[in-house]
Amino acid sequence: MKTVKYNSLHDLINESASTRKYFLSLPADMQSQLRKIGDCIHSASELHITASRLENHMKAVALSNDLDRYFY
């Protein structure tokens, strides 16, 4: 199966209805973060991978912030 490559996240979500639907299902803060690095996202698979990694990062930051209250 051939992966369709786009110039950016903007082009990807404008030209692929299924990818746009997925992107719009993400939380607003994640959409915002993904837009900031949109020039590095060129396919639906890259979007899914990046969103998953970003979600893991955001969870780790939230956990770290929660733990900070015990040490400061």
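Values quoted throughout were computed directly from the atomic coordinates according to the rules given, and no laboratory measurement underlies them. Please read these numbers as outputs of a predicted model, since none were measured by experiment. Quick reminder, even Gly has a Cβ in these numbers, built from the backbone with ideal geometry, and neighbours come from all protein chains shown.
Miscellaneous remarks
- The distance between label points at Asp11 and Glu46 comes to 1.0 nm (points 7 Å beyond Cα on the Cα→Cβ vector).
- Checking every one of the trypsin sites (Lys or Arg not before Pro) in the chain against DSSP loop status and a limit of 14 other Cβ atoms within 10 Å picks out Lys2, Lys5, Arg69.
- Legend: Rg and Dmax of the chain, from Cα coordinates, 14.8, 52 Å.
- Relative contact order computed over the chain (Cα-Cα under 8 Å; 6+ residues apart), in percent: 35
- Student exercise, the chain dipole from Lys, Arg, Asp, Glu Cβ charges, in Debye to nearest 20: 160
- Amide proton proximity set for Ile41, modelled H, under 5 Å, gap of 5+: Leu9
- The string of couplings for the range 17-22 from the Karplus curve (6.51, -1.76, 1.60, θ = phi - 60°) is 4, 5, 5, 4, 4, 4 Hz, one whole number per residue in order, with x for Gly and Pro.
- Förster-model FRET efficiency, 25 Å R0, Asn65 and Ile37, C-beta, rounded to 0.05: 0.70
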